[in-house]
Each structure stands twice: as C-alpha cells, then as structure tokens.
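*Asks:* Below you'll find the structure I mean.
Every number in this text was worked out from the coordinates using simple rules, so none of it is lab data. Just so we're clear, the structure is a prediction, and the values are computed from it rather than from any experiment. Neighbour counts are summed over all protein chains in view; Cβ atoms, including those assigned to glycine, are modelled from backbone coordinates with ideal geometry.
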Amino acid sequence: MISRIGSAHVLALAGTVVLWASAFPAIRVGIDGLGVAALSFLRIVVAAMALALVAPLAKVRLPRRRDLPMIALCGATGVTAYQALLNWGEVQVAAGTASLLIAIAPVFSVLLGSAFLGERLTRDIIVGSTIALVGAAMVSLAKGTSGFTVSALIVLAAAAVQGTYHFATKPLLRRYTGLEVATYAMVAGTLFALPLVPAAWSATLHAPAGALASAIYLGLLPSALGFVIWAYAVARLPLATSTAALYLVPPVALIVSFVWLGEVPHLVELMGGAVSVAGVILINRHRRQAPPPSGTSYGDAPEAAFDQAASRPAPTR
C-alpha cells in the first residue's frame, strides 16, 4: 500500500508536470490581451513576490556576495530572457509546438557544462544532442519550409537561454538549495525586467480580465508553486523518477493545448517531439542518483540531486 507521504510525493510530481505543461497555452491567452512585454514582466513580478513570501517560511538564506554575478546570469537568462523569448515566439508558434522545442534545453546545458565546467563529453551526450536537435528541426519544419517562421528560432533561443540557466545554476546548487537558487534568480530577473515597466503599465491598464488572470496564474502557479512542489518532490523521490516525470511535460502540454485552445498538432511535430525527447533521455542516461534519505525536506535536500536536476528543462517555467 502506498503511504500517505508517498502519495504526496507523487501528487507533487504530477502537479509539477501539469502546471509546467499548462504554462504554454496560458501564455497564448495572456499574449492576446497583454502583449509580450507586459505578460513577461507581470509573470516575473508575481512569481518573485510569491517566492519572497515563501522565503522566510522555507528558511531561504541570503546569498553570498561572491555568488551575485552568477545569480545575475541566472536571472538574466533563465528568467528575463527566457520569458521574453518564449512569449515572443508563441505569438506565432502554437503552444504545444513550443513545448516540444523547449524540451531540448538540456542539450545546451550539457554542452555548456562540457565547455566551461570540465564535464566529460560522452558518446551518449554527443549522440543524444544530435538526435534532440534533429527532432527540433523536424518540429520547426513540420509544415514544410513555407511554414517555417522566425518565431520557431525565437523559441529555440528560449530553449538555449534556459539551458544556459541550468548550466549557471550548477555551481550555485553546491552551496544553496534548489528553492533558494530559484528565488535568487527570480528576484534578479525582476531587476533585469524593469525596462519593460512602461510597456507593461500601459498594456495592463487596457488589458481584458482574462489576460490579467493568465499572467497571475503563470506567476503564481507554473513559476512559483511549480518550483516549490518540484523541490519538495525531487528531494524525496529517486532522481530517475523525477526525470521520467518531466519527459511527460510536452505530451501533457499538447493535451492541455488541445482542450484549452483547440490546437491540433501536425503528425511530423509529434514525431519530431518524440525524437527530441529520445535524445534528451539518451543524454541523461549516464546520470545515476540514489534515492535521498527518507524524511529529507526540500529545504535541505541533497545538493547532488539538485545539481543534476538543474540540467532538466524545469525550474523556471
């Protein structure tokens, strides 16, 4: 029989998948009424405020001064640039398609780790990266070269900056918990997003209620709550379980997008998405992590678990 605690872990992981998957169609709703700049800024600010309120309860520590440059890089890439690029790309790219393209973020993470952190570039990483990129090309060109748009490249750029964020968090995750790193990055991202205030202010004054609700939803649930329950789950479950669950984000996003927006993905997009996920699975095959000790809280989860979790396309959705 599954214990109540075990059920809570599984529910937290399932909730993370659903929340992060739902972000893609929610962005489409928000863009229509707010535009790229306003939606990006509001989502970041709402998430930062929510995490700041949680910080005292979770005993989030202040970062060391020497870590501020790396925290700034995390905020600039994984928060500000990621949100702006993804929102901009989804102006023309369907929500489900965007989720398939974002799934290749770990490719950029592991390649940067090999170049700058001295991580070994194994055959699995090289082959997996190639497969994932081929899958991304299939998704981008699913409707033929005439259907290819610059927006697809913009979404791929969003995947690249998210991969940069995951790479930049690795040194930080040796000294801080995953929740602390996410909180630092979100606050830093808010500062980098301040130039968007004029556009956000103007758009917010005239935005429909549905678009504002979408921005608040994105900030509170996929961005803030999503990471809190992800941290809770990954600290208590075997890392292989957490990884496997995150591979479900693109297919769940496709389902949510179909139900919410009526989007029907092209068959080639589905095939390309499956190829990309297969490549990411191959990249992560060499990672092995034992289950954390029972009773470990997310606030003091094993650093190795979060260090490896940083290479997954999850923490800043």
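*Asks:* Expected output is a single nm value to one decimal: the length gained when fully extending between Val134 and Arg285, i.e. 0.36 nm times separation in residues minus the C-alpha distance. What is it?
*Replies:* Roughly 52.5 nm would be gained on extension.
*Asks:* Using the Karplus equation 6.51 cos²θ - 1.76 cosθ + 1.60 (θ = phi - 60°), what ³J(HN,Hα) coupling, rounded to whole Hz, does each residue of segment 253-263 give in order, writing x for Gly and Pro?
*Replies:* Once θ is set to phi - 60°, the couplings for segment 253-263 become 4, 5, 5, 4, 5, 5, 5, 7, 10, x, 6 Hz.
*Asks:* In debye to the nearest 20, how big a dipole does segment 4-309 give about its Cα centre with +1 on each Lys and Arg Cβ and -1 on each Asp and Glu Cβ?
*Replies:* 740
*Asks:* How much FRET efficiency would the formula 1/(1 + (r/R0)^6) give for Lys59 and Ser202, where r is the Cβ-Cβ distance and R0 is 51 Å, rounded to 0.05?
*Replies:* The value I calculate is 0.85.
*Asks:* Right, next: How far, in nm, would the chain grow between Val91 and Asp67 when pulled straight, counting 0.36 nm per residue and subtracting the alpha carbon separation?
*Replies:* Result for the pair: 5.1 nm of gain on full extension.
*Asks:* Run the simple label-point estimate for Ala52 and Phe116 please: 7 Å along Cα→C-beta, distance reported in nm.
*Replies:* According to this spin-label approximation, the distance is 2.7 nm.
*Asks:* When a/c is below 1.5 the answer is rounded, else prolate if a/b is larger than b/c, else oblate, so apply that to segment 1-127 with a ≥ b ≥ c taken from the square roots of the Cα gyration tensor eigenvalues.
*Replies:* rounded
*Asks:* Continuing with this model, one more query. May I ask for log10 I(q)/I(0) of segment 4-309 at q = 0.13 Å⁻¹, from a Debye sum over the Cα atoms as equal point scatterers with solvent left out?
*Replies:* Log-scaled intensity ratios, in q order: -0.91.
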